[in-house]
Amino acid sequence: MLREPEARDRAAFIELLASPEVHTYLGGPRSRDEVEREMPEAPERWPGSFVVDLDGSMIGQILLRRATGHRRPAAAGKLDLGYLFLPQAWGRGYAAEACAAALHWLAGALPGEPVVLTTQSANTASMRLAAKLGFTEVERFEAWDAEQWLGMWSPPSA
């Protein structure tokens with residue numbers, strides 16, 4: 001289930017943001033102390049920010065946000081799909097289901113709005129997910145000492 005972030009999710013957000021496994025392809029984790037100091041008691045809420053809830057507990061986060069200051073002209077100004085899941089939720093299809101639900105929500109909220117997704121090409125799980133969701137490659141580029149993949153998704157025509 002997708003829902004708004006709540007105060008009860010704070011511990012899961014801290015675990016997510018400080019996890020070395022989660023941040024393998026994202027430049028590495030932040031220290032738990034730093035995340036705990038900076039994390040508000042109640043996570044910020046805004047349209048396009050979802051907690052992925054399984055049986056009453058947060059297992060991940062989906063973000064749809066405007067790609068401002070993006071390094072690639074093809075992505076500038078478009079909505080960017082981001083997702084993070086706790087390692088215990090990996091390999092069960094939750095990311096595909098949650099991302100598809102978020103894209104479906106977006107297609108209703110902003111009909112015709114394209115979405116971009118960037119991942120390291122070495123992140124085979126994210127590459128498979130992007131293909132499964134219907135993202136098509138726009139370009140590959142070097143950033144953060146690794147090859148990055150940029151894909152685009154367009155909602156189905158009515």
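The values are calculated or read from the model by the stated rules, or taken from the named source; none is laboratory data. Every value quoted in this text rests on a predicted model; they were computed, and no experiment measured them. Because the Cβ atoms are built from the backbone with ideal geometry, glycine has one as well, and the counts that use them run over all protein chains shown.
So which residues in the stretch 50-81 are buried (at least 17 other Cβ atoms within 10 Å of the Cβ) and under 12 Å from the mean Cα position of the chain (by Cα), if there are any at all?
Residues satisfying the conditions are PHE50, VAL51, VAL52, GLY60, GLN61, ILE62, LEU64, LEU79, ASP80, LEU81.
Kindly evaluate GLU34 against the criterion of being in a helix (DSSP H, G or I), over 24 Å from ARG140 (Cβ atoms), of a type in the set (D, E, K, R) and modelled with pLDDT of 95 or more. Don't jump to the end; show me each part of the working.
Numbers: in a helix (DSSP H, G or I): yes; over 24 Å from ARG140 (Cβ atoms): yes; of a type in the set (D, E, K, R): yes; modelled with pLDDT of 95 or more: no.
Answer is no for this residue.
Confirm whether GLU21 is loosely packed, with under 15 Cβ neighbours inside 10 Å, farther than 22 Å from ALA125 by Cβ and of a type outside the set (A, V, I, L, M, F, W, C).
Values: loosely packed, with under 15 Cβ neighbours inside 10 Å: yes; farther than 22 Å from ALA125 by Cβ: no; of a type outside the set (A, V, I, L, M, F, W, C): yes.
For GLU21, the condition - loosely packed, with under 15 Cβ neighbours inside 10 Å, farther than 22 Å from ALA125 by Cβ and of a type outside the set (A, V, I, L, M, F, W, C) - is not met.
Does the stretch 104-111 contain at least one residue that is crowded, with 17+ Cβ neighbours inside 10 Å, of a type outside the set (Phe, Trp, Tyr) and farther than 25 Å from GLU44 by Cβ?
no
Which residue, of ASP55, ASP80, ASP145, is closer than 22 Å to LEU16 by Cβ, out of contact with any strand residue (DSSP E or B) (no Cβ under 8 Å at 6 or more places or on another chain) and not aliphatic (A, V, I, L, M)? So that I can check it myself, show each step before the final result.
Details: ASP80 fails: out of contact with any strand residue (DSSP E or B) (no Cβ under 8 Å at 6 or more places or on another chain); ASP145 fails: closer than 22 Å to LEU16 by Cβ.
Among ASP55, ASP80, ASP145, only ASP55 is closer than 22 Å to LEU16 by Cβ, out of contact with any strand residue (DSSP E or B) (no Cβ under 8 Å at 6 or more places or on another chain) and not aliphatic (A, V, I, L, M).
SER57 is checked against (1) modelled with pLDDT of 95 or more; (2) under 28 Å from SER154 (Cα atoms) and fails just one. What number does that condition carry?
Condition not satisfied by SER57: (2).
Need the failing condition index for LEU84 against (1) in contact (Cβ under 8 Å) with a residue 12 or more places away in the chain; (2) loosely packed, with under 14 Cβ neighbours inside 10 Å, just the number.
The failed condition is (2).
List pairs: first in the stretch 42-69 and touching a residue at least 12 places away in the same chain (Cβ under 8 Å), second among the acidic types (Asp, Glu) and part of a strand (DSSP E or B), Cβ under 7 Å, 6+ apart or cross-chain?
ARG65/ASP80; ALA67/ASP80
Looking at this structure, is LEU26 surrounded by fewer than 18 Cβ atoms within 10 Å (Cβ to Cβ), at negative phi and at pLDDT 95 or above?
On the way: surrounded by fewer than 18 Cβ atoms within 10 Å (Cβ to Cβ): yes; at negative phi: yes; at pLDDT 95 or above: no.
So LEU26 does not fit the description; no.
When the stretch 11-26 is examined, which residues are found to be farther than 19 Å from GLU97 by Cβ and either assigned to a loop (DSSP other than H, G, I, E, B) or in contact with a helix residue (DSSP H, G or I) (Cβ under 9 Å, 6 or more places away or on another chain) (or both)? So that I can check it myself, show each step before the final result.
First pass over the stretch 11-26, keeping only residues farther than 19 Å from GLU97 by Cβ: 11, 13-15, 17-21, 23-26.
Within the stretch 11-26, PHE13, ILE14, GLU15, LEU17, ALA18, SER19, PRO20, GLU21, HIS23, THR24, TYR25, LEU26 qualify.
Evaluate the following for TRP149: is it in contact (Cβ under 8 Å) with a residue 12 or more places away in the chain, of a type in the set (Phe, Trp, Tyr) and assigned to a strand (DSSP E or B)? Lay out the reasoning, then the answer.
Working: in contact (Cβ under 8 Å) with a residue 12 or more places away in the chain: yes; of a type in the set (Phe, Trp, Tyr): yes; assigned to a strand (DSSP E or B): yes.
Yes, satisfied.
Can we say PRO29 is under 17 Å from TRP90 (Cβ atoms), free of Cβ contacts under 8 Å to residues at least 40 places away in the same chain and assigned to a loop (DSSP other than H, G, I, E, B)? Spell out how you get there, then give the answer.
Values: under 17 Å from TRP90 (Cβ atoms): yes; free of Cβ contacts under 8 Å to residues at least 40 places away in the same chain: yes; assigned to a loop (DSSP other than H, G, I, E, B): yes.
Criteria met by PRO29.
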